[in-house]
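Enquirer: Got a structure for you, written out below as structure tokens; questions coming shortly.
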Amino acid sequence: MQVHLLKSKIHRAQVTASSLHYEGSLTIALDLMEKVGFLPFERVLCSNLANGERFETYLIPGERGSGAIILNGATAHLGEVGDRLTIMSYTFVDEVHAKGWAPRVIVMGENGAVAQERGI
């Protein structure tokens with residue numbers, strides 16, 4: 001049997017910009033994506049800590065080292081620059097391996113810096 005578990009998470013990612021007229025998605029700086037194992041065009045679930053909104057979208061890699069967290073298209077209505085997001089992806093894991101499973105997680109601090117890492 002397989003179970004659906006958290007694969008990767010960026011917690012407290014601060015929205016740096018929004019682009020209402022861009023094709024819908026979420027742009028994340030490529031170095032942050034790589035750190036947690038997010039893939040370009042991967043489906044993600046996001047929650048906005050400022051307003052409680054939850055939404056699904058897909059990822060577009062942004063410029064490496066830019067700290068970019070950009071709400072694009074319809075998602076631009078679900079947050080504002082400065083809001084903190086939790087961005088999560090999931091995977092299926094064989095039940096045998098699930099007990100020892102650890103997701104890759106980073107917690108963001110001030111100025112786009114990674115404050116904490118787990119499972120990396």
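Values in this text are rule-based calculations from the coordinates and carry no lab data. The structure displayed is predicted, hence computed values, not measured ones. FYI the Cβ positions are ideal-geometry reconstructions off the backbone, even for glycines, and counts take in every protein chain you see.
Enquirer: Give, as a single signed number, the net charge of other residues whose beta carbon lies under 15 Å from the beta carbon of residue 116, with Lys and Arg counted +1 and Asp and Glu -1.
Expert: +4
Enquirer: Can you tell me how the range 67-120 classifies by the Cα gyration tensor, rounded, prolate or oblate, using a/c under 1.5 as the rounded cut?
Expert: Cα axes put the range 67-120 in the oblate bin.
Enquirer: Shifting gears a bit: Just how far, in whole angstrom, is the range 57-120 from the range 11-35 if you go by their alpha carbon centroids?
Expert: Result: 9 Å between the Cα centres.
Enquirer: Round to the nearest 0.05 the FRET efficiency obtained for residue 22 and residue 102 when R0 = 41 Å and r is the Cβ-Cβ distance.
Expert: E between residue 22 and residue 102, to the nearest 0.05, is 0.75.
Enquirer: Any idea what diffusion coefficient the range 34-100 gets from Stokes-Einstein, in µm²/s, Kirkwood Rh on alpha carbon pairs, 37 °C, 0.692 mPa s?
Expert: The calculation lands on 242 µm²/s.
Enquirer: Counting Lys and Arg as +1 and Asp and Glu as -1, what is the net charge of the other residues whose Cβ lies under 10 Å from the Cβ of residue 8?
Expert: That works out to +3.
Enquirer: Then there's this: With runs of 4+ DSSP H residues as the only contributors, calculate the mean residue ellipticity of the chain at 222 nm using -39,500 (n - 2.57) per run, divided by the residue total and rounded to the nearest 500.
Expert: Mean residue ellipticity at 222 nm (helix-derived): -2000 deg cm²/dmol.
Enquirer: Hey, could you grab the Kirkwood Rh for the chain? Inverse mean 1/r over distinct alpha carbon pairs, Å, one decimal.
Expert: 14.4
Enquirer: While we're looking at this one, here's another question. Return the FRET efficiency for the residue pair residue 81, residue 5: r is the Cβ-Cβ distance, R0 is 41 Å, and the value is rounded to the nearest 0.05.
Expert: 0.80
Enquirer: If you count the DSSP beta bridges with both ends in the chain, what percent of them are antiparallel, to the nearest 5?
Expert: If we restrict to bridges inside the chain, about 70 percent are antiparallel.
Enquirer: Over the chain, what is the mean sequence separation of C-alpha contacts under 8 Å (at least six apart), divided by residue count, expressed as relative contact order in percent?
Expert: 42
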